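Structure first, commentary second.
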Amino acid sequence: MKQRTRRSTGIRGGARTGTRTAVAAGLALVTVATVGGCAFGRPRVRVPVSMPSPTYTSSYDVTPSYEPTYSPSPTEETYDPDGRSDVRGSSCDFSDSLRQFTYTVSITNPSLNDSFSYDMAVNWMKAKPADGKAYGLHERSITVGPGDTETYTAKYTVNQSSIGQFWFTCEITRAHKTRM
């Protein structure tokens, strides 16, 4: 048996083949475009080169609420209320005839602007044995002007008629400083 193949030589058959080819090519392009993510065109947006910064309006005050408790001005001096560094002592002594301790105390006010009151305490302490006991105590308040030095003699009289031999030291135990 002989087989026949039919070939179309007419226009109609050629057009059908060309149309099929065109449709197949179009479907292939749509498929590639869809898979690639550009099946539909996106609208173009023009961004200006310099965008103005956004403005923010607050309904409350944004200043910090913290304020330092105290800061002295550059002309105001600060001071340590413990004024023992302003005080010097010399001539720690005991008079047998007067039965009296003496100690010369000099207070120098380092401030050039303010007067200070110094609440002083001087103790004559037992030296041998150095057991922390005091023979006597002298207390006094003294005011010292700006840049001045005041000197006085602290005294304490023992109320015993006879003391004998003993060892002692002189100590400035308090010099509380208050601005006037």
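The numbers here are math on the coordinates, done by the rules we state, and not lab data. Predicted model, so just to flag it, every value in this text is computed and none were measured. With ideal geometry, Cβ positions are generated from the backbone for all residues, glycine too; neighbour counts draw on all protein chains shown.
Explain nothing, just the number: dipole magnitude of the range 104-180 about its Cα centre with +1 on each Lys and Arg Cβ and -1 on each Asp and Glu Cβ, in debye rounded to the nearest 20.
On the way: 8 positive and 7 negative charges, 54 e Å.
For this selection, approximately 260 debye.
For SER141 and MET180, calculate 0.36 nm times their separation in residues minus their Cα-Cα distance, and state this gained length in nm to one decimal.
Working: separation 39, 0.36 × 39 = 14.04 nm, distance 1.25 nm.
Extra length from SER141 to MET180 when fully extended: 12.8 nm.
Calculate, in nm to one decimal, what SER90 and PHE166 gain on full extension: separation in residues at 0.36 nm each, minus their alpha carbon distance. Contour length minus the Cα-Cα distance gives 25.4 nm.
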